[in-house]
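Enquirer: Okay, handing you the structure first.
The values are calculated or read from the model by the stated rules, or taken from the named source; none is laboratory data. Small disclaimer: the values here were computed from a predicted structure and weren't measured. A quick note on method: Cβ atoms are made from the backbone with ideal geometry, for glycine too, and the neighbour counts reach across all protein chains shown. Heavy atoms of the whole protein, side chains included, go into the accessibility calculation; ligands, DNA and RNA do not. Shrake-Rupley method; radii C 1.70, N 1.55, O 1.52, S 1.80 Å.
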Amino acid sequence: MTSLLLVDDHPLFLDGVRAALAGEDDIEVVGEAHDVATAVALAGDLRPDVVLMDLNLPDGSGADATREVVATSPTTRILFITMSADDEAVVAAMRSGARGFFVKGGGRDDLLQAVRTVASGGAVFSPAVADRLGAWFTGMAAQPGRESFPQVTEREREVLDLVARGYDNRRIAKALFLSDKTVRNHISTILTKLGAADRAEAVQRARRAGMGALDKGTSVS
């Protein structure tokens with residue numbers, strides 16, 4: 001029997017998932033959560049085999065919740081389910097420790113197969129997500145700044161690129177599914193590693209390395 005925790009803030013979606021699972025004798029819904037705090041608490045108490053996790057929750061990111069769940073319950077496997085299939089969402093999901101990424105709108109049989117696959121230790125991606133993930137990793141090999149700043153981690157490079165585009169901290173946090181505090185910490189570390197006196201100097205150096213094609217209408221802040 002696979003124990004399943006549902007995490008989503010849309011009651012109609014949860015109703016649909018429960019209906020899809022009705023009558024399945026190998027999957028049991030053991031709890032439901034509508035926000036990050038409740039999801040983390042329930043996962044710690046129930047230790048479910050699988051968490052079906054929405055990526056965007058009222059009090060934070062499903063990716064942040066996943067990191068906490070995986071840290072406290074290593075045997076629990078996370079399957080993201082969301083309307084979004086953008087590159088940042090896919091990468092954030094996988095980096096947080098998720099085992100799969102299923103886009104809402106898939107059929108009942110596909111959802112059941114995804115839950116069973118993740119529960120058995122496999123990984124699941126819809127074709128669209130798999131294509132995006134492959135393209136992202138291919139693009140990372142040629143990402144600007146890799147040779148210029150070898151001391152900077154991949155995540156820090158992502159943050160630096162957005163800083164160089166003129167994104168403020170709040171916009172970076174939203175784009176990378178991070179908390180504002182995490183973004184501030186990354187930027188502080190980046191400045192130290194680059195030996196930059198301030199954000200403006202880091203932007204100049206990043207742009208000289210080919211990073212941060214400035215979005216129209218953005219400004220350094």
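Enquirer: Ranked highest first by the average count of other Cβ atoms within 10 Å around their residues, in what order do 68-79, 52-63 fall?
Expert: Details: 68-79: 18.6, 52-63: 21.4.
Descending packing order for the listed peptides: 52-63, 68-79.
Enquirer: Which value, in Å², gives the accessible area per residue of segment 1-119 when a 1.4 Å probe is used on the protein heavy atoms?
Expert: Numbers: 4930 Å² over 119 residues.
Normalised by residue count, the accessible surface of segment 1-119 is 41 Å².
Enquirer: Would you check the accessible area of ASP26, probe 1.4 Å, heavy atoms only, in square angstrom rounded to 10?
Expert: Solvent-accessible area, nearest 10 Å²: 50 Å².
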